[in-house]
1. Can you tell me which condition Val194 does not meet? The list is (1) buried (at least 21 other Cβ atoms within 10 Å of the Cβ); (2) modelled with pLDDT under 95; (3) more than 17 Å from Arg116 (Cβ to Cβ), and all the others hold.
2. Taking strands (runs of 3 or more DSSP E) that do not extend beyond segment 186-250, which have at least 1 residues that are among the basic types (Lys, Arg)?
3. So in segment 144-179, with the set limited to residues that are of a type in the set (Gly, Ala, Ser) and out of contact with any helix residue (DSSP H, G or I) (no Cβ under 9 Å at 6 or more places or on another chain), which one is nearest to Gly34 (Cα to Cα)?
4. Just one of (1) more than 28 Å from Lys205 (Cα to Cα); (2) touching a His at 6+ places or on another chain (Cβ under 8 Å) trips up Val333, so point out which.
5. Filtering segment 217-243 down to residues that are of a type in the set (Ser, Thr, Tyr) and farther than 21 Å from Lys205 by Cβ, which residue is modelled with the highest pLDDT?
6. Of everything in segment 283-336 that's over 18 Å from Leu359 (Cβ atoms), at pLDDT 95 or above and polar (S, T, N, Q), which residue is surrounded by the fewest Cβ atoms within 10 Å (Cβ to Cβ)?
7. Which members of segment 375-384 meet the condition of being surrounded by fewer than 24 Cβ atoms within 10 Å (Cβ to Cβ) and either at pLDDT 95 or above or closer than 24 Å to Pro157 by Cα (or both)?
8. Could you say whether any residue in segment 145-160 is over 22 Å from Ala22 (Cβ atoms) and surrounded by fewer than 20 Cβ atoms within 10 Å (Cβ to Cβ)?
Amino acid sequence: MPRLTPLAALFSLSLLVNAAAADWPGFRGLNGDGVSVDKDIPVKWAKDNFLWKTKLPGPGSASPIVWGDKVFVVCYGGYGLTLTKGNPLDKGKDPPGKGFPPKAKDASGDQKQLKRYVLCLDAAKGNVLWEQEVAPKLPEQAFVQMIREHGYASNTPVTDGERLYVFFGKTGVLAFDFTGKKLWTADVGTGLYVYGSASSPVLYKDLVIVNASAESKALVAVDKTNGKVVWRNKSITTTWSSPVMVKTKDGQDELVLSQPNKVAGYDPLTGKELWKCDGLPVPTGGSSYCTPVSKEGVLYLAGGAGPGSTATAFAVKSGGRGDVSKSHVLWRVKAGSTINSPVISGDFLHIVESTATCLRLDTGKQVYKQRFFDSGMEYASPVLCGDKIYQVTRFDGIYIMSAGGKFQSLGHNAFQGDYSSFNASPAVSDGRMFVRSDTHLYCIGKKAGP
């Protein structure tokens with residue numbers, strides 16, 4: 001089991017302090033909760049607020065991440081490019097925002113042409129510093145049903161400031177240094193799932209931990225220095241949720257994963273299940289999407305609003321042992337989104353789709369439920385910047401609302417001329433918001449001075 005030396009631990013702490021100041025190192029930021037320290041992201045965008053726009057080599061639903069002066073993003077190409085209606089690459093068969101497409105024969109090209117791309121861009125100018133092509137392990141999941149909504153590059157990468165860690169489903173976990181050199185590849189399973197792969201990796205000490213439920217029905221931790229498997233928990237059910245780290249009330253670290261009808265806490269060093277409780281209700285054969293958020297050792301989940309499911313939000317204390325459904329669940333109410341995850345602001349839990357719902361953290365009591373915008377199911381999760389919440393929609397730009405206990409719609413900003421899908425949650429760093437579509441990566445911020 002890899003251990004941190006005192007010097008390495010001090011270095012890791014300094015990385016976290018630096019990351020907290022400006023960076024966005026993984027899915028939904030430093031703590032996986034969509035909360036940014038930046039408060040000055042523009043509300044109403046003029047032309048000058050688009051600091052740069054860079055064309056991408058292919059589509060993808062993975063979020064960009066940021067470390068220092070570098071932005072990292074993953075894409076795919078060569079196969080599976082007939083996306084939803086509105087995309088320039090689309091054949092126009094499926095209307096946007098209608099949820100799950102019907103069963104269809106795979107007519108999207110030759111799977112042997114599938115490629116993945118890992119890109120590093122200059123955060124200030126948007127120019128591509130390096131691009132690496134990753135060959136897939138075939139066969140991949142055919143381009144039918146739900147995977148047609150998000151494609152083959154949906155797992156957001158993560159970085160520790162020295163290396164970039166990328167998860168591409170059955171193709172494996174890959175590590176790159178900051179010059180683009182591939183360091184290792186780890187195999188975490190060869191299974192396929194009709195929805196594809198979308199969970200994002202998380203870092204803990206010397207470990208890269210991935211939800212490989214689609215690939216091997218397992219949580220898997222690999223050594224980030226060499227890619228060797230350190231532990232594997234094979235009791236995971238099918239879930240798209242990303243694992244998150246939470247610190248219990250007594251200061252212990254736990255790894256938490258939401259699964260169909262269950263949420264569980266694990267020892268991040270061994271993968272041993274520590275506790276479990278009843279989770280978000282999912283019909284037989286369904287999957288879980290929502291990633292938990294936490295505050296002061298309490299986890300909050302909100303999801304299950306899809307077909308055949310019951311929208312549910314609940315709060316559960318971490319740090320338990322065994323089945324804590326009766327002892328640690330603080331409240332459970334009917335409220336939730338379809339796919340995206342909630343965000344916490346102060347004493348409130350915000351669930352944001354076309355309808356914005358605000359719940360009290362302590363009781364789950366509904367503060368308001370307000371129509372926010374007219375759109376369909378959103379994939380991107382909201383981000384909190386100061387006292388404002390930003391929600392990326394798939395086909396209608398970004399909507400902004402006030403955070404806290406009183407609803408106020410603050411603005412709506414479009415991406416003129418880009419009719420592709422915006423499935424990824426944004427990244428926020430150093431007063432800038434990075435937003436990716438299936439065709440471009442955008443940098444939005446305050447316009448430069450003289």
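1. Failing condition for Val194: (1).
2. Values: elements: 202-204, 207-212, 218-223, 229-233, 244-247.
Result: 229-233, 244-247.
3. It comes out as Ala153.
4. (2)
5. Ser241
6. My answer is Ser327.
7. Of everything in segment 375-384, those that are surrounded by fewer than 24 Cβ atoms within 10 Å (Cβ to Cβ) and either at pLDDT 95 or above or closer than 24 Å to Pro157 by Cα (or both) turn out to be Met377, Tyr379, Leu384.
8. For segment 145-160, residues over 22 Å from Ala22 (Cβ atoms) and surrounded by fewer than 20 Cβ atoms within 10 Å (Cβ to Cβ): present.
The values are calculated or read from the model by the stated rules, or taken from the named source; none is laboratory data. Predicted model only: the values in this text are computed from it and were never measured. Quick reminder, even Gly has a Cβ in these numbers, built from the backbone with ideal geometry, and neighbours come from all protein chains shown.
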